[in-house]
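Notes to accompany the following structure.
The values are calculated or read from the model by the stated rules, or taken from the named source; none is laboratory data. All figures in this text were calculated on a predicted structure; none of them were measured in a lab. Backbone-built Cβ (ideal geometry, glycine too); neighbour counts: all protein chains shown.
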Amino acid sequence: MSLSLLVYRSRSTKQLKKDRVVAMSKHFAARNRDRDITGMLVFDGDYFMQVLEGPRQKITALYELIQTDPRHEEVVTVLDEPIYRRTFDDWGLGFIVINDEGGNQIISSDLSFDNQLYKLGLDNLKQVDETRASMIIDAFAKGRWREAYTVPSDELYLDLPEQALPEFNKADSLGLYPVNFAFQPIVNPVSKLVTSAEALLRGPNNESPAEILSRYSGIDLYRFDLESKQYALQIAADMGLPCCISVNLLPMSLITIPDAVDFLLDRIERLGLSSEQIIVEITEEEAITNHDAFYGAVTRLRAAGIKVAIDDFGAGFAGLSLLAEFQPDKLKIDRKLIQGIQSNGPKQAIVRAVVECCYSLGISVTAEGVEQAAEVDWLLEAGVSKFQGFFFARPALNSFPEINW
Ligand SMILES: Cc1cc2nc3c(=O)[nH]c(=O)nc-3n(C[C@H](O)[C@H](O)[C@H](O)COP(=O)(O)O)c2cc1C
């Protein structure tokens, strides 16, 4: 039986008192139990957020009813994807009411479902089960979803430290080659917003990632690849980077290290970061040998709220067939296809096709390695809105560079 997860958000058409929401939840819970549907209903005094899990067809049928219910409006689907296990297993429909009428902060939860949850409080909701659904509720409960639907303002960057942080070289203590990270922003020049910053591996003598990785082979290479990324996250956390953070991983690191995803999630949590802030960029440099294991790891990353990007697209092994089998959240077009695109017919034809393909698959496209205004102009015209490259900012060691808009 295929299980499905559906999350939507909507606005209540009436001012609802807490008791009314509780009574509604209990009524829906009873009906959901009959349909083998579990989930969670959250109300913040104004908006609902509901998570529904269960057999795909039953979820689809219920959602059709819910969408036309006059008790709410502006129904927006947040997530609709297959899952392999439920988050709210025994729950007919748990509920949390966050604000009462009058906007007073009250937190009321359905104690009978899970006493633990109430004791832990909303801050710790994700401890119930670290899945994308619980992350979404957590973000909703904290009001963060309102920001999640708008890109962060560049004013936020005023608070960033201007001075580079002291060099790290922390990996030394683990017997790993000492590493630093240079951060390079990915920007939308039209809205003048920064969407994320890629953490680029650098050695103590400014060595490139390739030079550093060439010091390792076999399992040591993959372990180093994975474990070094904790320092990227740490520097980003110390800087208080208010945008997403991209880290690179070799596909084989996700495959050969069985607990790679848990390792990342553990570090993300310890550093007080949100998994929704993290993007794992999978470099295509290496052929993927075990497709099932790779998709399994990618599914786990995404199930935890981490976004997945294909890096250097067009330069590596997997190419278009990878896109047919697995749709990443983001795709970064390799610099070789971008450089001089304004005057290169074949590059234009290829990039147009990739942009079109990603558009229909709901994948966000970034152009890498932009160095000239003419490249940016052509790409904007072709529908690319996110850019990374020297034209906007050079990577800055252990700090966030100034952007040349
Ligand atoms: C915010 C909201 C959440 C709802 N959630 C559920 C639900 O989880 N299960 C359910 O059966 N109905 C739910 N409903 C009610 C459905 O829209 C619909 O009224 C109901 O399924 C129809 O059942 P009935 O024909 O027995 O009245 C919800 C309605 C609203 C406004």
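Please pick out the residue among Thr60, Thr68 that is surrounded by fewer than 22 Cβ atoms within 10 Å (Cβ to Cβ), within 12 Å of the ligand (Cβ to nearest atom) and at pLDDT 75 or above.
Going through Thr60, Thr68 in turn, the sole match is Thr68.
Glu81: more than 10 Å from the ligand (Cβ to nearest atom) and closer than 22 Å to Val298 by Cα, yes or no?
Numbers: more than 10 Å from the ligand (Cβ to nearest atom): yes; closer than 22 Å to Val298 by Cα: yes.
Criteria met by Glu81.
Of the helices (runs of 4 or more DSSP H) lying entirely inside the range 187-290, those containing at least 1 residues that are within 18 Å of Val308 (Cα to Cα) span 218-227, 229-239, 251-256, 260-270. Going through (1) outside any helix (DSSP H, G or I); (2) in contact with a strand residue (DSSP E or B) (Cβ under 6 Å, 6 or more places away or on another chain); (3) not basic (Lys, Arg) one by one, Cys358 falls short only on (1). Every condition in (1) outside the structural domain of Ala232 (by TED's automatic domain parsing); (2) of a type outside the set (D, E, K, R); (3) on the phi > 0 side of the Ramachandran plot is met by Gly389 except one, and the failing one is (1).
Residue count for the range 28-38 satisfying the condition of being surrounded by fewer than 17 Cβ atoms within 10 Å (Cβ to Cβ) and either within 8 Å of the ligand (Cβ to nearest atom) or among the charged types (D, E, K, R) (or both): 5.
Within the range 176-213, the set of residues being surrounded by fewer than 16 Cβ atoms within 10 Å (Cβ to Cβ) and of a type in the set (D, E, K, R) comprises Lys192, Glu211. Taken over the range 379-405, the criterion of being assigned to a loop (DSSP other than H, G, I, E, B) and in contact with a Phe, Trp or Tyr (Cβ under 8 Å, 6 or more places away or on another chain) is satisfied by Gly383, Phe392, Pro395, Asn398, Ser399, Phe400, Pro401, Ile403, Asn404, Trp405.
Each row is one residue, and each column tells you yes or no for (1) near the ligand (Cβ under 9 Å from one of its atoms); (2) out of contact with any Phe, Trp or Tyr (no Cβ under 7 Å at 6 or more places or on another chain).
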residue: Ser10; (1), (2): yes, no
residue: Gln15; (1), (2): no, yes
residue: Val22; (1), (2): no, no
residue: Lys26; (1), (2): no, yes
residue: Met40; (1), (2): no, no
residue: Gln50; (1), (2): yes, no
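May I ask you to say which residue of Tyr222, Tyr231 is under 23 Å from Ala396 (Cβ atoms), surrounded by 16 or more Cβ atoms within 10 Å (Cβ to Cβ) and among the aromatic types (Phe, Trp, Tyr)?
Tyr231
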